[in-house]
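See structure below.
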Amino acid sequence: MTRPRVARWGRLAVLALPSVIVLAATGITTGVAAAVQEQSIRAGVVEQVRGVATSLAALPEVQDAVASVVDAGSDGDLADADDLAAATAALQPIASLVEDAAGVSYVVVTDDEGVRITHPDVDERGELVETTTTLVLQGEEFVGTETGPSGATLRAKVPIVDVDGDVIGMVAVGVLESAIAADRERAFGDLLPWSIGALLAATLASVALSIGIARRLRHADAVDAESTQMRRTTDALREQAHE
């Protein structure tokens, strides 16, 4: 490749550099902002489901209703929907009210064996919870994403403890991952116009910078050309004088 051609490509690279930097910086900034928003949304959901579950587990009405069915089932003979009917009648209206008020996907209350007393789906009441229950029914909280009858949900499970400190049941509160994804998309949609605006403003600035650089390069070329012509003229005059 000839020297002028190399110089031409080098100048083009210099002119394009500001735009490349702007695009890269805007893309990275938008990506980081989207990631931070997603983390914030998920952290908010964790706080929400844990708070709702903890509040319900401490509610006297919930504790009394669950305590009333402690003897309804055992490991070898689990309670069914009929055994839990009275507790369901007392707790399902509370669970449904909390679901609507708190904006969560479901509120499930179980007995001490992990059998559902409440659930948005009638057919799931009186059925054993398939996901994590052992540690919760031993007194530990659980927060994480699991897949159950409602689908993949970010959920919190909190033990229900009686006055003697014994675990008598569990409250599980969850928000569908699909709902979290929808919130994330809405947040990203709100962020996008700002990113586009920043990109346009930065692009205009980079174009102005590129124009300024181009003018300086042209001026430098003109000066260089003039200097070259002067050297050639001087050399020619020296040769004539010598002859």
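Figures for the structure shown
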read-out	value
Subset of segment 125-147 (residues that are over 27 Å from the mean Cα position of the chain (by Cα) and either in contact (Cβ under 8 Å) with a residue 40 or more places away in the chain or over 20 Å from ASP166 (Cα atoms) (or both))	ARG125, GLY126, GLU127, LEU128, VAL129
Some residue of segment 59-72 being free of Cβ contacts under 8 Å to residues at least 40 places away in the same chain, open to solvent by 40 Å² or more (accessible area, probe 1.4 Å) and closer than 18 Å to ALA156 by Cβ	yes
Residues satisfying the stated conditions in segment 101-115, i.e. within 12 Å of GLY73 (Cα to Cα) and open to solvent by 10 Å² or more (accessible area, probe 1.4 Å)	ASP112, GLU113
Residue check, ASP166 modelled with pLDDT of 90 or more and open to solvent by 20 Å² or more (accessible area, probe 1.4 Å)	yes
Given (1) surrounded by fewer than 16 Cβ atoms within 10 Å (Cβ to Cβ); (2) closer than 30 Å to ALA182 by Cβ; (3) modelled with pLDDT of 95 or more, index of the condition ARG50 fails	(1)
Residue tally, condition open to solvent by 50 Å² or more (accessible area, probe 1.4 Å) and part of a strand (DSSP E or B), over segment 145-163	3
So THR26, is it at pLDDT below 65, hydroxyl-bearing (Ser, Thr, Tyr) and either in a helix (DSSP H, G or I) or at negative phi (or both)	yes
Candidate set from segment 116-144 (those that are of a type in the set (D, E, K, R), touching a Lys or Arg at 6+ places or on another chain (Cβ under 7 Å) and not in a loop (DSSP other than H, G, I, E, B)); member that is least open to solvent (accessible area, probe 1.4 Å)	ARG116
Per-region count, segment 98-115, residues in contact (Cβ under 8 Å) with a residue 40 or more places away in the chain and outside any loop (DSSP other than H, G, I, E, B)	8
Residue under evaluation GLN39, criteria (1) modelled with pLDDT under 75; (2) within 24 Å of the chain's Cα centre (by Cα), criterion not met	(1)
Of all residues in segment 76-100 being among the acidic types (Asp, Glu) and more than 12 Å from ASP111 (Cβ to Cβ), the one that is least open to solvent (accessible area, probe 1.4 Å)	GLU99
Filter pass, VAL45 being at pLDDT 95 or above, open to solvent by less than 40 Å² (accessible area, probe 1.4 Å) and β-branched (Val, Ile, Thr)	no
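The values are calculated or read from the model by the stated rules, or taken from the named source; none is laboratory data. Note that this is a predicted model, so its numbers are computed, not measured. In this analysis, Cβ positions are derived from the backbone assuming ideal geometry, glycine residues included, and neighbour counts consider all displayed protein chains. Surface accessibility is based on the protein's heavy atoms, side chains included, excluding ligands, DNA and RNA. Shrake-Rupley method; radii C 1.70, N 1.55, O 1.52, S 1.80 Å.
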